[in-house]
Amino acid sequence: MEKTSNNNIFKISAVVILYALITLVAVFRHEIWADEAQVWMICKNLTFFGLFEHLVNEGHPSFFYLLLMPFAKLGSNIIYMQLVCWLSSVIAVFLLWRYSKFNTLTKTIITLSAPFLYFFPAVARNYSLIAPLVFSLAILHDKTDKHPYLYSFLLVFLVNTHAIMFCFSFLLALRFLYKNVYIQIKNKSLDKSCAVSGGIILFGIFALIFQLMGTTSSNCFIKFGTDEVLASAIRVILLFLFNSFDSHYLHSHIKYFNPYTLGCITCVILSYLSLFVYFLIKNKKLFAFLLLSVGFQFVVYILTYNYYVFPTRIYSCYMIFLFCCWVLSDINAKNNISNKAINILISFMFILTLWNGIFNYYGDFVFEYSASKSTAAYIKQNINPKNSILFIDFPPPSIPVAYYLNDVYDLRDVRSGNVPFKYVRWTKSLYKYLSDREWEELFKKYRESGETKDLYAVVIYNIFKEPKNLNTLGEKYFDLFYVSGDALDYVERFKIYKYKF
């Protein structure tokens, strides 16, 4: 028995160390893109109270920001944020191999799947924290009365990591309050630790609501309600299907449907349906929990955010499926029931993502993820920071350039005039791109006001909509100074124009 235990510890250690090393390569190779830089720049430039004032505009709760703020205040390198997300994925893989009842093949497939090979460890977003928190809640699912404080804090951390986990966390909170507070009160045996833990959970849920109340009217990208609900639903469903197995497919093959495409879509649909049907047959409570938790995420995207269903968001939904399979496999193990069907079904769901993970891991290693780093490097080599002003007209994809320039350059958003560009405010003015004429008028005004520094326009270009060498601002007033190369994030490609006068 001791020998088997030692062998198991050695196997788990070897898997986790190998996984950590493989994913760490992707972390150090990865160029920061817009959403990653935005989080870091907020933590770096806002005070503790300023953060909470801004969150309603950001659309995300505070836990991830509070976790990173000390690193951002004490250091200037975003690698600390990347390592936090990477470490979260390593912890999740350890929990999976150490505590889940899945067989070795299933654990291997999950570990090599897209969320764990690439998207959670390499893309430094709050989604990376979801997996270890969900796995920890699965481990403690039937031990809530033995570890009430730990369980309550895990729930609070999860619900305040991302709003899309609200329904999942809320249902688990109701279960905890029913089992460990209501029943105990009914039996006149309320345990103090359970009562306090219940209060902690309620505080965490109301904290989320308080932090994000008003987001849909403050953030121009998160709009509540839509006149085209059917079109929005179709868009969200298609993004879930395509981005789960190939997150670049829709950009390059949107009109090209072949047997491979239709086969992948069919398999993804079957993976969802088979798990729903399985839970409906085997455990109706878990089926209802799964349906509500997953359905909530779909409703959120359909009504508020239907254009930006990224893989990290999709795979956060996959964590809910994994949680339900984890819990049911524990129940089956206690009742000496085979988990073969669970292993087959969850393996089928995650094996469909393998190509997406491998493709993005390889692509990020060989190519630039975002052209912001190389663009900033070119600026540092060729533009004098003491004699130049750089302007942007679309802040979201430009924020990583601001990070890489590290406050050395005078970088400004055209909307804020002379105020240095530090982070994005998601107001309606973000939709406004400057026309050629407006850029000309803007720079003329600066010259007329007595500004003698060199003036530059840093604009984005879309490789799918315009050729690289197109001088969109016109040769009469501007010289095309720089054009960045290709990048995996097709939005974050840049052109720099220098004003001639």
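Brief remarks follow.
- Filter result for LYS223 (part of a loop (DSSP other than H, G, I, E, B), more than 22 Å from LEU172 (Cβ to Cβ), open to solvent by 70 Å² or more (accessible area, probe 1.4 Å) and touching a residue at least 60 places away in the same chain (Cβ under 8 Å)): yes
- Here ILE12 meets each of (1) open to solvent by less than 20 Å² (accessible area, probe 1.4 Å); (2) in contact with a Pro (Cβ under 7 Å, 6 or more places away or on another chain) with one exception, condition (2).
- Exactly one residue among TYR65, TYR19 is open to solvent by less than 20 Å² (accessible area, probe 1.4 Å), touching a residue at least 60 places away in the same chain (Cβ under 8 Å) and either of a type in the set (Ser, Thr, Tyr) or at positive phi (or both), and that residue is TYR19.
- Scanning the stretch 434-457 finds no residues that are closer than 21 Å to GLU36 by Cβ and either surrounded by fewer than 20 Cβ atoms within 10 Å (Cβ to Cβ) or at pLDDT below 95 (or both).
- Qualifying residue in the stretch 300-317 (condition: more than 23 Å from PHE119 (Cβ to Cβ) and open to solvent by 10 Å² or more (accessible area, probe 1.4 Å)): yes
- Residue tally, condition assigned to a helix (DSSP H, G or I) and farther than 28 Å from LEU172 by Cβ, over the stretch 226-240: 7
- Some residue of the stretch 195-214 being exposed (fewer than 12 other Cβ atoms within 10 Å of the Cβ), assigned to a loop (DSSP other than H, G, I, E, B) and touching a residue at least 60 places away in the same chain (Cβ under 8 Å): yes
- For LYS107, the criteria (1) open to solvent by less than 40 Å² (accessible area, probe 1.4 Å); (2) among the charged types (D, E, K, R); (3) over 30 Å from LEU488 (Cβ atoms) hold in every case but one, which is (3).
- Check on SER347, crowded, with 18+ Cβ neighbours inside 10 Å and within 19 Å of GLU31 (Cβ to Cβ): no
- Taking the stretch 350-363 as the range and being surrounded by fewer than 21 Cβ atoms within 10 Å (Cβ to Cβ) and assigned to a helix (DSSP H, G or I) as the test, the residues that pass are ILE351, LEU354, TRP355, ILE358, PHE359, TYR362, GLY363.
- Residue-level analysis places LEU322 outside the set of residues that are of a type in the set (A, V, I, L, M) and either at pLDDT below 95 or more than 24 Å from PHE245 (Cα to Cα) (or both).
- Taking the criterion of being part of a helix (DSSP H, G or I), of a type in the set (A, V, I, L, M) and farther than 30 Å from ILE337 by Cα, the residues of the stretch 281-309 that qualify are VAL299, VAL300, ILE302, LEU303.
- Test for LEU24: is it touching a residue at least 60 places away in the same chain (Cβ under 8 Å), over 20 Å from TYR403 (Cβ atoms) and assigned to a helix (DSSP H, G or I): yes
- Condition check for ASN6: open to solvent by 30 Å² or more (accessible area, probe 1.4 Å) and either at pLDDT 95 or above or part of a helix (DSSP H, G or I) (or both): yes
- In the stretch 169-199, of all residues being of a type in the set (Gly, Ala, Ser) and closer than 25 Å to PHE321 by Cα, the one that is farthest from the chain's Cα centre (by Cα) corresponds to ALA173.
- Sole residue being modelled with pLDDT of 95 or more, in a helix (DSSP H, G or I) and either surrounded by fewer than 21 Cβ atoms within 10 Å (Cβ to Cβ) or over 16 Å from the mean Cα position of the chain (by Cα) (or both), chosen from PHE94, PHE120, PHE166, PHE116: PHE94
- Count of the stretch 182-194 residues which are in a helix (DSSP H, G or I) and among the aliphatic types (A, V, I, L, M): 2
- Complete set of residues in the stretch 476-501 that are of a type in the set (Gly, Ala, Ser) and surrounded by fewer than 18 Cβ atoms within 10 Å (Cβ to Cβ): GLY485
- Comparison of ALA341, ALA333, ALA371 shows that the only residue that is under 30 Å from PHE119 (Cα atoms) and open to solvent by 10 Å² or more (accessible area, probe 1.4 Å) is ALA341.
- Just one of the listed residues (TYR260, TYR278) is more than 26 Å from GLU58 (Cβ to Cβ), modelled with pLDDT under 90 and in a helix (DSSP H, G or I), namely TYR260.
- Test: residue in the stretch 34-49 that is at pLDDT below 95, in contact with a Pro (Cβ under 7 Å, 6 or more places away or on another chain) and surrounded by 14 or more Cβ atoms within 10 Å (Cβ to Cβ): yes
The values are calculated or read from the model by the stated rules, or taken from the named source; none is laboratory data. As the structure is a prediction and not an experimental result, all values here were calculated from the model. Ideal geometry is used to build each Cβ from the backbone, glycine not excepted, and the neighbour counts take in all protein chains shown. For the accessible areas, the whole protein counts, side chains as well, though only heavy atoms, and no ligand, DNA or RNA atoms are used. Shrake-Rupley method; radii C 1.70, N 1.55, O 1.52, S 1.80 Å.
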